[in-house]
Amino acid sequence: MKEELEKYFDRLWPLNRSLTGDGNRETLKILSEITGINISEIPSGTECFDWKVPEEWNVNEARITDSKGNKIIDYKDNNLHLLGYSESYSGKLDLSELRKHLFSLPGQPDSIPYLTSYYKKRWGFCMSDRQLRKLKEDTYEVLIDSEFDPSGSMTIGESMIKGDTDKEILLSTYICHPSMANNELSGPLVAAFINRELNNRKNLRYTYRTVFLPETIGSIYYLSVNGEFLKRELEAGFVITCIGDNGKFTYKKSRRGDTLSDRAALLVLREKGNEFNAEDFFPTGSDERQYCSPGFDLPVGSLMRTRYGKYEEYHTSADNKEFISFEAMEESVRTYIEILDVIENNFTYINQLPECEPQLGKRDLYPTLGSSKNTEEMVSSLMWVLNMSDGKNDMISIAEKSGLPFELLHRSALKLEESGLLKKSEEK
């Protein structure tokens, strides 16, 4: 998988993604090769709650040259050089005037910052502070050829995988950042490969909804259309972002803090045995703040590696291919699948012989071969499942209380169900 991840990363890297535009369309077209994605165009000006879908923005060229024709900045070299949603400009400026439109990071002198001006028209360029300080007094020629189309659209992608029930799991990621590796491409790539894995599964319990949206405005629009349905049918959800670096996993809880999403993710992370961070919900960050807004309060958390804002490379050109790891990205896919497997198998059972322990031996449920440790753990698993299956405890709860691996408890539950000792509680 890691070789495929790298191949698609290299193709997606140079595209100029934003809230709208051809870069987003091409991004979704490429991701559709990994897994089926239905692509929709939402007209500019579409109202969604307190917002409107913005005009479509595309860039033809953008550069700065000095009086001798030497290239200072060219958008074609790195699309982070151009301020996001920059308006067109053509003219000659002296250095003092040009500086008003140049942005850098003095604290990170070798990195180009990522900046946008979505809702206020201006023009500008971003560059490393080291390069900015080297500029000499001169007359500079500026050319920005960008286009705003009020009759354009915002491009979004969606994939639906039907399960045995109408209850849904949401996977949400965003496609609006230009060339940054962890904060952008890791999310849609990991989401696409998770979706491909789910597509290959049979007899899924839940229906899976995977969406690829521009951050903020995309999820706001999506909730304006689907929010009431999701309030009724969504069982769990995750925002997938910043999931490709070598940092330890970070899980940001949903607003409620104890949803199925939260419990499954934290259980898997604990069982993996590695250090991880768990954070309570806070109302800034990525699209979880829309899904968890008080009018929806959906069960949506976010499993990341190093969280946005917590690494120096964040929102700069240093968030590049060297910063991420395709091995880590593959592990992230596998970890999400483990979490979804827990959710899939998180049944609540009712013990059919609750008066004292049933006789396991006569039902061939008592292990007769294997190490004493394995025998002890298997018997313990059977006993825990039988004792806690009173219709009030789901399998995650039993795993939390027993400290036994979820997969072992799940296998025990299946054996007990096959023998007639357990029965699934009716679905909510």
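The values are calculated or read from the model by the stated rules, or taken from the named source; none is laboratory data. Given the structure is predicted, the values throughout are model-derived calculations rather than measurements. As a convention, Cβ positions derive from the backbone with ideal geometry for all residues, glycine included, and neighbour counts pool all protein chains shown. Side chains are part of the model used for accessible areas, which takes the heavy atoms of the whole protein and leaves out ligands, DNA and RNA. Shrake-Rupley method; radii C 1.70, N 1.55, O 1.52, S 1.80 Å.
Look through the range 249-283, keep the residues that are in contact with a helix residue (DSSP H, G or I) (Cβ under 6 Å, 6 or more places away or on another chain) and not hydrophobic (A, V, I, L, M, F, W, C), and return whichever of them is farthest from residue 329 (Cα to Cα).
Selected residue: 283.
Residues to consider are 369, 365, 386; find the one that is at pLDDT 90 or above and either open to solvent by 80 Å² or more (accessible area, probe 1.4 Å) or over 27 Å from residue 191 (Cβ atoms) (or both).
386
Quick one: which residue in 297, 319 is charged (D, E, K, R), out of contact with any Phe, Trp or Tyr (no Cβ under 7 Å at 6 or more places or on another chain) and crowded, with 22+ Cβ neighbours inside 10 Å?
Selected residue: 319, the only one of 297, 319 that is charged (D, E, K, R), out of contact with any Phe, Trp or Tyr (no Cβ under 7 Å at 6 or more places or on another chain) and crowded, with 22+ Cβ neighbours inside 10 Å.
Quick check, is residue 69 of a type in the set (Gly, Ala, Ser), without any contact (Cβ under 8 Å) to a residue 60 or more places away in the chain and in contact with a helix residue (DSSP H, G or I) (Cβ under 6 Å, 6 or more places away or on another chain)?
Answer is no for this residue.
Considering 92, 100, which residue is more than 20 Å from residue 17 (Cβ to Cβ), without any contact (Cβ under 8 Å) to a residue 12 or more places away in the chain and not hydroxyl-bearing (Ser, Thr, Tyr)?
Of the residues listed, the single one that is more than 20 Å from residue 17 (Cβ to Cβ), without any contact (Cβ under 8 Å) to a residue 12 or more places away in the chain and not hydroxyl-bearing (Ser, Thr, Tyr) is 100.
Please state which one of 382, 414 is touching a Leu at 6+ places or on another chain (Cβ under 8 Å) and not hydroxyl-bearing (Ser, Thr, Tyr).
The conditions single out 382.
Go through (1) closer than 23 Å to residue 426 by Cβ; (2) surrounded by 22 or more Cβ atoms within 10 Å (Cβ to Cβ); (3) of a type in the set (A, V, I, L, M) and name the single condition residue 204 misses.
Residue 204 satisfies all of (1) closer than 23 Å to residue 426 by Cβ; (2) surrounded by 22 or more Cβ atoms within 10 Å (Cβ to Cβ); (3) of a type in the set (A, V, I, L, M) except (2).
Show the residue pairs that are 6+ apart or on different chains and have beta-carbon atoms under 6 Å apart, the first residue being within the range 125-143 and farther than 19 Å from residue 82 by Cβ, the second being open to solvent by less than 20 Å² (accessible area, probe 1.4 Å).
Listed by first residue and then by second, the contacts come to 137/95.
Across the range 402-428, what is the total count of residues that are of a type outside the set (D, E, K, R) and crowded, with 18+ Cβ neighbours inside 10 Å?
11
Could you run through the range 138-159 and say how many residues are surrounded by fewer than 14 Cβ atoms within 10 Å (Cβ to Cβ) and among the hydrophobic types (A, V, I, L, M, F, W, C)?
Number satisfying all stated conditions: 0.
If we scan the range 340-355, do we find a residue that is open to solvent by less than 70 Å² (accessible area, probe 1.4 Å), modelled with pLDDT of 95 or more and closer than 25 Å to residue 214 by Cα?
Scanning the range 340-355 turns up at least one residue that is open to solvent by less than 70 Å² (accessible area, probe 1.4 Å), modelled with pLDDT of 95 or more and closer than 25 Å to residue 214 by Cα.
Assess whether residue 399 counts as being touching a residue at least 24 places away in the same chain (Cβ under 8 Å), crowded, with 16+ Cβ neighbours inside 10 Å and either in contact with a strand residue (DSSP E or B) (Cβ under 9 Å, 6 or more places away or on another chain) or more than 15 Å from residue 268 (Cβ to Cβ) (or both).
no
Which of the residues that make up the range 387-408 are on the phi > 0 side of the Ramachandran plot and assigned to a loop (DSSP other than H, G, I, E, B)?
Within the range 387-408, 403 is the sole residue that qualifies.
Pairs needed: first member in the range 288-308, over 19 Å from residue 331 (Cβ atoms); second member anywhere, of a type in the set (Val, Ile, Thr) and in a strand (DSSP E or B); C-beta distance under 7 Å; at least 6 residues apart or different chains.
288/239; 288/300; 291/300; 292/300; 300/239
Give 78, 60, 70 a once-over and let me know the one that is within 20 Å of residue 23 (Cα to Cα) and either open to solvent by 50 Å² or more (accessible area, probe 1.4 Å) or touching a strand residue (DSSP E or B) at 6+ places or on another chain (Cβ under 8 Å) (or both).
Checking each option against the conditions leaves just 60.
Is one or more of the residues making up the range 73-89 of a type in the set (Lys, Arg), out of contact with any Ser or Thr (no Cβ under 9 Å at 6 or more places or on another chain), on the phi < 0 side of the Ramachandran plot and without any contact (Cβ under 8 Å) to a residue 12 or more places away in the chain?
Looking for residues that are of a type in the set (Lys, Arg), out of contact with any Ser or Thr (no Cβ under 9 Å at 6 or more places or on another chain), on the phi < 0 side of the Ramachandran plot and without any contact (Cβ under 8 Å) to a residue 12 or more places away in the chain, one finds none in the range 73-89, hence no.
If we only count strands (runs of 3 or more DSSP E) wholly inside the range 104-179, which ones have 1 or more residues that are modelled with pLDDT of 95 or more and within 30 Å of residue 205 (Cα to Cα)?
153-161, 168-174
Do we find that residue 165 is β-branched (Val, Ile, Thr), surrounded by fewer than 18 Cβ atoms within 10 Å (Cβ to Cβ) and out of contact with any Leu (no Cβ under 7 Å at 6 or more places or on another chain) in this structure?
yes
Out of everything in the range 206-221 that is within 16 Å of the chain's Cα centre (by Cα) and of a type in the set (S, T, N, Q), what residue ends up being nearest to residue 234 (Cα to Cα)?
Ranking the qualifying residues of the range 206-221, first place goes to 210.
Please verify whether residue 282 is farther than 21 Å from residue 167 by Cβ, in contact with a strand residue (DSSP E or B) (Cβ under 9 Å, 6 or more places away or on another chain), surrounded by fewer than 16 Cβ atoms within 10 Å (Cβ to Cβ) and at pLDDT 95 or above, treating the condition exactly as stated.
yes
If the requirement is being open to solvent by 10 Å² or more (accessible area, probe 1.4 Å), among the basic types (Lys, Arg), at pLDDT 95 or above and within 16 Å of the chain's Cα centre (by Cα), which of these qualifies: 196, 263, 255, 232?
Within the list 196, 263, 255, 232, the selection yields 196.
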